[in-house]
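Data first, discussion second: the structure below is written as structure tokens.
Coordinate-derived values only; no laboratory data. Quick caveat: nothing in here was measured; it's all calculated off a predicted structure. Note that we place each Cβ from the backbone using ideal geometry, even for glycine, and neighbour counts take in every protein chain shown.
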Amino acid sequence: MKKSIVCRSLVCGEAVGEALVSKEPISFYGGVDPETGKIVEKGHPLEGKVISGKVLFFPYGKGSTVGSYVIYRLAKKELAPLAIVNVKSEPIIVIGCVLSSIPLVDQFPLEYFNIVKNSSTVRVIAKEDKAIVVIEI
Amino acid sequence: MYLSKEEERILSGYEGAVKQRALEIIVKVGEALGASRLIKVNKAHVSGISYKNIGDAGLELIEELSKSGGCFSVPTSLNPAGMDLKLWKYMNLSEDYVEKQLRIIEYLESMGAKPLLSCVPYLINPPSFKEQIAWGESNAILYANSVLGARTNREGGPLALFEAIAGRAPYVELRTNEFRKPTVSVFCKLSKESWFSQLPGLVGFHIGSMVKSGVPYITGVHEIFKSDYDLRLFLAGLGTAGGIGLALIKGISPEAPKEVPKELEKLEVDEKELKDNYEKISVEIEKPDAIALGCPHLSNKELYKIIQAIRLKGRAHKRMIVFVPRTMSNSLSLMKLRRYNLEIYNDTCMVVCDLKAMGIERVIVDSAKAAYYLTSQGYEVQLMPFNEILRGAFT
């Protein structure tokens, strides 16, 4: 069954793809290899997974303000996520996605992080006024 | 979003194409974050300077802004680069890396930036209480907001760059009074006797990983800090493990409430969980290649402690690499200390330079921030208290 969740739209765009879900925050600088899109933070729940071409769910950003450049480098190499879904996006993520034209939404409820499954197909529609994230439940 | 006449003028291109583009991007970010207007900033500190970190994509972005005639409209300082600008020959870097790093600095200087190349702008040019600033660099943001009461969000590197050009930032989140209230309370019950209390960076890192986001009201840490350096290590750790731009620390932050506000979620620092986090970023190293200190950059106070140890005990037993701001101590004039196994660098740090090129793979640090980033970069890292490191290096 599909469920549509209304979120806040930060960077407009649409994407359909496989979900990659982390309940823990992500630091793009230090946490993600800008050359491969692989999560390299030791002990991170997504350690070893590649974020490229995925709809990436994580609650918050963390760490270095250079993270925006990691998002931008990934996009230049066509290794960026298809879209990013947060509970609360911070400026580091927002500017990275603005420069890289990656659809970004936040105010996705934390409790749904238990429901969205890795590899399930999700759709993100981020329009001017609001965003909708469609997940399988 | 409300825009002033002057801002509309900029947006219509009267003040040049680069300023127009910068403001367009700031408006876009501001609208995304729900800002109702922009606010003028007095100064900026731009992160994302090291070629190692920003790569060709970052270099090209900065190059384009500079070559299109962009310039900073407020005093703008820069975070550390990927090498010491005077001593890079000692860092064993490739020609390509050096050339590209020098170009990044050149472009930013052509736009009017001051090559401070340090992550402690708050020690060199501190903002005042309630001053609106546009700062990148997570530890500097935390210090400015939490210790000095200045106002900045966690501006991503390129956002601070565009804000420096436009002289404005979205008036939202930590720039406004209502977002500077505590969202969670953290009590640190570590006693002074606990070994972990000598690792303020780890305590900050641990609290950051617990709190994740929002504004923590923190009690019980002031008591374990022995110096401003401990506070800086703490904030650097906090900003590494969390998306936190302001901490209200009892006894330190001018805006911290006197009592724990009621109805706040209360968290406690648990020593066992602290140890778990320690093990994520530290391993025991039998034969370290070097000790690396200066994340955040050391002030002269800490540097003098090291030099004092040399005066008393002579040459260090371990290779010591220390990073300090160029405005405090000149690395070139301190070259003579190399005979004591002490290498002092300006303009860079262990996280954003290339330690491997310098022959270092196993390293001892006193900073949880450095431990986290270096571990992620594949180094073997051991985190130890500053004083213990000094004792070990000079026995």
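Put a dot 7 Å past the Cα of residue B:102, heading toward its Cβ, do the same for residue B:387, and the two dots end up 4.5 nm apart.
For segment B:53-166, a crude dipole built from +1 on the beta carbon of Lys and Arg and -1 on the beta carbon of Asp and Glu, taken about the Cα centre, is about 460 debye to the nearest 20. The three principal axes of the Cα atoms in segment B:326-370 give end-to-end lengths of 27, 23, 20 Å, sorted in falling order. Averaged over peptide B:50-62, the number of partner chain Cβ atoms lying within 10 Å of each residue's Cβ comes to 4. When only alpha carbons of segment B:282-394 are considered, Rg and Dmax amount to 12.9, 36 Å. Name the longest site-free stretch of chain B, where the excluded sites are chymotrypsin sites (Phe, Trp or Tyr not before Pro) in a DSSP loop with no more than 14 other beta-carbon atoms within 10 Å. Counting at most 14 other Cβ atoms within 10 Å as exposed, the longest clean stretch of chain B is B:130-395. Spherically averaged projected area of the convex hull of Cα atoms, segment B:5-178: 10.0 nm². Derived scalar couplings between HN and Hα for segment B:254-259 equal x, 9, 6, x, 6, 10 Hz in order, rounded to whole Hz, by the Karplus curve 6.51 cos²θ - 1.76 cosθ + 1.60 (θ = phi - 60°), x for Gly and Pro.
When the Cα atoms of segment B:186-233 are aligned to their principal axes, the ranges along those axes come out at 28, 20, 15 Å in descending order.
Report, in order of residue number, the helices in chain B meeting two criteria: a C-alpha extent of 18 Å or more along the helix axis, and a mean Kyte-Doolittle hydropathy of at least 0.5; treat each whole DSSP H run as one helix. Going by DSSP H runs, the hits are B:17-33, B:228-241. What number, in nm² with one decimal, is the all-direction average of the projected area of the convex hull of the alpha-carbon atoms of segment A:5-66? Averaged projected hull area, Cα only: 4.9 nm².
When every Cα-Cα distance of segment B:181-273 is counted in 5 angstrom steps from zero, the calculated P(r) takes the values 3, 15, 28, 29, 18, 6, 0 percent. Charge dipole of segment A:2-136 (Cα centre as origin; +1 on each Lys and Arg Cβ, -1 on each Asp and Glu Cβ, all else neutral): 120 debye, rounded to the nearest 20.
Against the main long axis of the alpha-carbon atoms of chain A, helix A:67-76 sits at an angle near 80°. The trypsin sites (Lys or Arg not before Pro) of segment B:161-191 meeting both criteria, a DSSP state outside H, G, I, E and B (loop) and at most 15 other C-beta atoms within 10 angstrom of the site's C-beta, are B:189. In the calculated pair-distance distribution of the protein assembly as shown, the portion above 33 angstrom amounts to 37 percent of the Cα-Cα pairs. Counted over chain B with a bin width of 10 Å, the fraction of Cα pairs per bin, in whole percents, is 5, 23, 31, 25, 12, 3, 0. Size descriptors for segment B:47-145 (Cα atoms only): Rg and Dmax, in that order, 14.1, 44 Å. For segment B:348-394 versus segment A:1-44, the inter-centroid distance based on Cα atoms is 29 Å. For the pairs A:62/B:67; B:318/B:369; A:38/B:280; B:212/B:305; B:336/B:369; B:52/B:369, flag any whose C-alpha to C-alpha distance is greater than 24 Å. Distance filter (> 24 Å) returns A:62/B:67; B:212/B:305; B:336/B:369. Straight-line cross-link reach from residue A:127 at under 14 Å between alpha-carbon atoms covers these aspartates and glutamates, not counting any fewer than eight positions away in the same chain: A:14, A:106, B:31.
The distance from the alpha carbon centre of segment B:47-113 to that of segment A:58-137 is 29 Å, rounded to a whole number.
Counted over the protein assembly as shown, the DSSP beta bridges are approximately 40% antiparallel.
Both numbers refer to the Cα atoms of chain A; Rg and Dmax are 13.2, 39 Å.
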